[in-house]
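Read-outs throughout are calculated quantities, based only on the coordinates presented, and are distinct from any laboratory measurement. Model, not experiment: these values are computed from the prediction. As a convention, Cβ positions derive from the backbone with ideal geometry for all residues, glycine included, and neighbour counts pool all protein chains shown.
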Amino acid sequence: MDTLKIFLIIPPGLEDLALQEISLKLPPLQNMTSIKGGIEGEADIEWIEAAHLILKIPTRILLRITEFKVRDFPKLYQKFLNFKWTKYLSHPEPEWQITCTKSRLNHTGRMEETIQKALKEALIKQPLNEDWKKRNFSPQTFYIRLHDDTLTLSLDLTGEPLYKRGLQKIKGEAPIRENFAASFAMEIFKDIKSPVTLIDPMCGSGTLLTEALTFHQALHLRPFAFETAPFYKGRNLKKNKPESHLKIIPEALPIKEAIGFDLNAELILKVESELRDEFPIKLHAMDSLSKKITSDAETIMLCNPPYGERIKIEGQRGSFLREAWTKFLSIDKPKRFGWVLPSDMDDLFKTPNGYNLLTKRPFKNGGMAVTFWIWERQL
């Protein structure tokens, strides 16, 4: 299996940042193409290993296995009956994610029944080895996409989504998803060369801070699904990958100090206890609106404020967020200020005096339309 066709699932709206991250950290994919919601291309197994360890924006990576035309259930059954399952399957009872659009076959339930029946019959002639029992493998997930009568079969190589780093278990009431946080950190630090102080004035469990600090760090604090696949047998995924597997080993983002503020003193204590000495983060249980929190002109401020949805805020959400926005930019005056807001509030926040707008990026966060903004202080 020298070259494999793969598809990286990317949160819609972040595809360009995912391409930039690949360019920064890894050799380019062969025949790489970006589409809405993902990036496809071809890579060897070493690239796939390194991608799982170092890329922070993708949600998961799929292996494209096969593609064929199918318009009836008998052919669907025959295709899966004759498929070479022992090359990919590590557990006899996989899970299926099936979607159908513009195709004669559109009953996903019946499709799954047909495929499971074919697989059960196929495994009589192609029995799996007993590794899955001895080593307690989890069932794999296969993705089936049927569009215009063309079926694409893919294997999930990742398992739990990549944003579940295995890094932090303590979470606040409305945490930002880790791959969004990594995207924001990469974007706000673009072209920043000199060390700066990073501040999150409403940090919750500190996800924005930890993602910025670990953006260039290879993480393997959890297993990945491809590690149990038959084609990976005999290999051993290690956290510290040889340099030859990466385009470069980048230095960390230029952060000389990371500081977080939050009103939830209990949460701050829990996060401090969990992180201990793992990260150079200073956390303060205080209201960041009560006084100036910057002591350095070379400060980047990154924030995911409460919207009044899952975390309640006093008064009208527009008034609260306007107060915070005004205070941060007129009193704290960071070098760059980035935050996320519901897109229905875009008109409330125009470019403030003394700042230039660098980024206005719309995307979906948990189904909600939001916008990521970055302003930069004028020289």
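Report, in debye and to the nearest 20, how large the dipole of the range 4-156 comes out about its Cα centre when Lys and Arg carry +1 and Asp and Glu carry -1 on their Cβ.
Numbers: 22 positive and 20 negative charges, 112 e Å.
It works out to roughly 540 debye.
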Stretched fully, the stretch from His147 through Asn31 gains (0.36 nm per residue minus C-alpha distance, one decimal, in nm) 39.6 nm
Just from its helices, what would the mean residue ellipticity at 222 nm be for the chain, if runs of 4 or more DSSP H residues each count -39500 (n - 2.57) and the sum is divided by every residue, rounded to the nearest 500 deg cm²/dmol? -7000 deg cm²/dmol
Compute the long axis of helix 15-25 from its Cα atoms, compare it with the longest principal axis of the Cα atoms of the chain, and write down the angle in degrees, 0 to 90, nearest 10. 90 degrees
By how many degrees, between 0 and 90 and to the nearest 10, does the Cα long axis of helix 178-188 differ from the longest principal axis of the chain? 50 degrees
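Provide the FRET efficiency to the nearest 0.05 for the Glu130-Lys292 pair, computing r from the beta carbons and using R0 = 56 Å.
Numbers: r = 65 Å, r/R0 = 1.15.
It comes to 0.30.
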Nearest 5 is fine: what % of DSSP beta bridges in the chain come out antiparallel, could you say? 65 percent
log₁₀ of I(q)/I(0) at q = 0.20, 0.35 Å⁻¹ - the range 124-165, Debye sum with one point per alpha carbon: -0.87, -1.09
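Contour minus end-to-end for Glu323 and Met368, with contour as 0.36 nm per residue of separation and end-to-end as the Cα-Cα distance?
Values: separation 45, 0.36 × 45 = 16.20 nm, distance 2.26 nm.
So the extension gain works out to 13.9 nm.
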The answer for Cys303, listing residues at least 5 apart or on another chain whose modeled amide H is closer than 5 Å to its amide H, is Gly338, Trp339, Val340
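Using unit Cβ charges (K, R positive; D, E negative) and no other charged atoms, how large, in debye to the nearest 20, is the dipole of the chain about its Cα centre? Intermediate results must be reported in sequence, preceding the final value.
On the way: 55 positive and 49 negative charges, 147 e Å.
Value, rounded to 20: 700 debye.
How long is the gain from Arg71 to His107 if the chain were fully straight, where each residue apart is worth 0.36 nm and the alpha carbon distance is subtracted? Numbers along the way, then the final one.
Values: separation 36, 0.36 × 36 = 12.96 nm, distance 1.20 nm.
Stretched out fully, the Arg71 to His107 stretch lengthens by 11.8 nm.
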The range 66-170: GluC sites (Glu not before Pro) in DSSP loop, at most 15 other beta carbons within 10 Å: Glu130
State the dimensionless ratio Rg/Rh of the range 4-156 (Rg: radius of gyration of Cα atoms; Rh: Kirkwood radius). 1.00
Given the C-alpha centroids of the range 287-308 and the range 346-379, what is the distance between them in whole angstrom? 15 Å
25 Å Cα-Cα threshold exceeded, pairs from Lys25/Lys256; Lys133/Lys169; Lys193/Lys282: Lys133/Lys169
At q = 0.14 Å⁻¹, what log₁₀ I(q)/I(0) does a Debye calculation on the Cα points of the chain give, no solvent, two decimals? -1.18
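Going by C-beta contacts inside 10 Å, put Lys292, Lys169, Lys5 in order with the fewest on the left. Don't skip to the answer; put the middle values down first.
Numbers: Lys292 11, Lys169 8, Lys5 19.
So the ranking, lowest neighbour count to highest, is Lys169, Lys292, Lys5.
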Förster-model FRET efficiency, 56 Å R0, Lys164 and Gln78, C-beta, rounded to 0.05: 0.90
Pick out, in residue order, every one of the GluC sites (Glu not before Pro) in the range 143-196 that is DSSP loop and has at most 13 other C-beta atoms within 10 Å; say none if there are none. Glu173
What's the center-to-center distance, using Cα atoms, between the range 122-167 and the range 174-202 in Å? 34 Å
For the table Lys56/Lys335; Lys171/Lys335; Lys171/Lys270; Lys79/Lys125; Lys5/Lys125, the rows whose alpha-carbon distance is greater than 19 Å are Lys56/Lys335; Lys171/Lys335; Lys5/Lys125
